[in-house]
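Chemist: This is the structure I want to talk about, given as structure tokens.
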Amino acid sequence: MIVEAGHYALILALTLAAIQSVLPIWGARTGDLGLMKTGTSAALFQLFFITVSFVALVNAHVASDFSLQNVFENSHSDKPMLYKVTGVWGNHEGSMLLWVFILAFFGALVAAFGRNLPPSMKATVLSVQAWISVAFLLFILFTSNPFSRLDPAPMQGQDLNPVLQDIGLAIHPPLLYLGYVGFSIAFAFAAAALIEGRIDAAWARWARPWILIAWIFLTLGIAMGSYWAYYELGWGGWWFWDPVENASLMPWLAGTALLHSALVMEKRNALKVWTILLAILTFSLSLLGTFLVRSGVLTSVHAFATDPRRGVFILAILVLFIGGGLSLFAWRASALKQGGIFAPISREGALILNNLLLTVSCSAVFFGTLYPLALEALTGGKISVGPPFFDLTFGPLMLAVLVVMPFGPFLAWKRGDVQGAMQRLGVAFGLAILAALVTLWVKQGGPVMAPIGAGLAAFIMIGSLVEVAERVRLFREPGASSLRRAIGLPRSAFGTAFAHFGVGVTLLGVVAASAWQSEKIVAMKPGDTTSFGRYEAKYVGSVPRQGSNFTATVSKFDIYRGGVEVAEMEASKRFYPARQTPATETGIKTFLFDQVYIGLGDTQPDGTIAARLYDKPLVTLIWLGCVVMAFGGLLSLSDRRLRVGAPKPARRAAAGLQPAE
């Protein structure tokens, strides 16, 4: 009965979404405040019914109700409770239900906390958001129904894919979807601005918090997905230019550009048309990512769908919203005023350069990801586009972004002074050169570009600290005065510094992991010892172990450094009887920012195992930097100027100010 209630709740949510897609925008066009307010109620009740549906599916998985096809195909009564819950979104149908649940959640947030929005703008935003909900609810109900029954009901399920039975998959998809779907709000705001014919600095103030929320979650989602693949798949790398990885990177690049563009629009009332276009493109890339992963076009551990009908349906959604958004932009963009004027050398100019580099970088990833798919579809030929292509195209563009990054905050709005910015960054530049020289001395014989990369990472990190020091006049005024300035500094200033510092931290981790890691592949018998990098590993032996829904052979190693034992490690080979599928669990030991990584190959009858041993210096900085970036975004989000929203025109008029054009 709970299952039927969940299915019925989805139908009610679709009905409410259809109402929400029409009545509020009709009220906005006719000036009917009552119709406009229906959007708020419809959005809140839509979230309620989708929540009921989602909880019903979770309950079916927890209770191991194998009469439900979704539970039968993706669960097992012996599976640990955590993975029974996370298995809800470890499959196509459940993941799409999570998608619309998050979509409804964001729509309800706009309905509940959009009090500063003009009624017509809020109504239009909620209607556009409902259009997206209608499309995906129809997709779920007609092609991906998670509540389909089996008759007769099987006694046992087929279990979940073993690589998805991991804590990383409990966290990664929700974070990623919060980022993907969060950009739907930016899209809805852009479409509403085009429909209303009104876009100004106040619009940017309303939209920027939603953009920031989506960017924070997408940053964390990509980082979590990278780390999950790193330790779960046993490849030993942190990024593989897999098309599914690229599908998440593209909206992140476009979203980063959008975030900076919205800042220029808010501060200087400029880049209006460009900001609107970026909002449309960022969500379009999020939809493209959904299409690539859920349509069956790609074969990946992330890709769950294989039914071509689903691919055609998602492709239709893609064409509808991307084509519709770009058509609306082409129709209405010429009516938008361009806004403020500024010199090429200015903070606006630096942010525009940042935008251009990020969008061209995104285009390189887009081309490298989709060209092989397009070629195969048109000619049947197959080619592989891998790291060499992206290293030659994406790499130099991002290098330019990183070089320019520290200069932006030191340039004034409207008209800047490059020489003055360079003088204030002199300390950072000097310390960066010192860091590069020290790296060259310590890591003699390594790749030539590695010291330069380490120096650039130091330049970015120190530059972000210098920017804050300049704003509080550190060492130029008494300490008490600098402290007062620091307390009075907007949180967004600290947020920007943390985000840029995090980029430097990640870059340092990438340089270290790429240039200085040591790898050794060796066959070992119990008692054998081998050296790799700065460490030695002794293979102690293997023992069997019984898990809740798997059997495992656990291999134990003692790790030494300088002749002193520093760790005991385990890596294992698992077998899942329900799926008749093997899986490998890597062994990882963290030493501050460094890691020792052990991946296992096949075991021979005489007890010899094949082991892949890595010494990975500073590798954890890759993901730690992403966390620091997200923390910077969170600090900016907590800035009161974003939380209170834009001032209302009436208040401006009372203060003798004119509303923005």
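Read the figures in this text as sums done on the coordinates, not as results from a lab. All values derive from a computational prediction rather than experimental measurement. Ideal geometry is used to build each Cβ from the backbone, glycine not excepted, and the neighbour counts take in all protein chains shown.
Chemist: Want the number for Glu4 to Trp235: 0.36 nm per residue separation, take away the alpha-carbon distance, what's left?
Modeler: That works out to 78.9 nm of additional length.
Chemist: If I model a spin label as a point 7 Å beyond the Cα along the Cα-Cβ vector, how far apart are those points for Asp417 and Ala567 in nm?
Modeler: Between Asp417 and Ala567, the label points sit 5.1 nm apart.
Chemist: Taking 0.36 nm per intervening residue step and subtracting the Cα-Cα distance, what contour gain separates Ser334 from Ile11 on full extension?
Modeler: Using 0.36 nm per residue and subtracting the Cα-Cα distance, I get 112.3 nm.
Chemist: While we're on this one: Quick check for me: using +1 on Lys/Arg Cβ and -1 on Asp/Glu Cβ, what's the dipole size of the range 407-516 about its Cα centre, in debye to the nearest 20?
Modeler: Magnitude of the dipole: close to 340 debye.
Chemist: Filter the chain for me: DSSP H helices, axial length by Cα at least 30 angstrom, mean Kyte-Doolittle hydropathy not below 0.5. List them by residue number. Spell out each step's value before the answer.
Modeler: Numbers: long enough: 2-30 (41 Å, 1.20); 33-62 (44 Å, 1.40); 92-113 (31 Å, 1.78); 119-143 (36 Å, 1.55); 167-196 (45 Å, 1.59); 201-232 (45 Å, 0.68); 243-268 (37 Å, 0.37); 272-294 (33 Å, 1.65); 347-379 (47 Å, 1.11); 449-471 (33 Å, 1.30); 491-515 (36 Å, 1.25).
Helices passing the filter in the chain: 2-30, 33-62, 92-113, 119-143, 167-196, 201-232, 272-294, 347-379, 449-471, 491-515.
Chemist: If you count, for each residue, the other Cβ atoms within 10 Å and average over each peptide, how do 8-15, 248-255 line up from highest to lowest?
Modeler: 248-255, 8-15
Chemist: Right, here's the next one. Treat every Asp and Glu Cβ in the chain as -1 and every Lys and Arg Cβ as +1, leave all other atoms uncharged, and give the resulting dipole magnitude about the Cα centre to the nearest 20 debye.
Modeler: The calculation lands at about 2520 debye.
Chemist: Here is a follow-up. What is the packing order of peptides 382-391, 462-471, taking the mean over residues of other C-beta atoms within 10 Å and listing the highest first? Each step should come with its number before you reach the end.
Modeler: Details: 382-391: 12.5, 462-471: 20.0.
Highest to lowest by the protection proxy: 462-471, 382-391.
Chemist: So, by mean Cβ neighbours within 10 angstrom, what's the order for 601-611, 25-35, 64-74, 268-278 with the highest one leading?
Modeler: Ranking, from highest mean packing down: 268-278, 64-74, 25-35, 601-611.
Chemist: With the crude spin-label approximation of a point 7 Å out along Cα→Cβ, what separation in nm comes out for Ile452 versus Gln580?
Modeler: Simple spin-label model gives 5.4 nm for this pair.
Chemist: Once you place label points 7 Å from the Cα toward the Cβ at Ala343 and Glu477, how far apart are they in nm?
Modeler: The answer from the label model is 2.6 nm.
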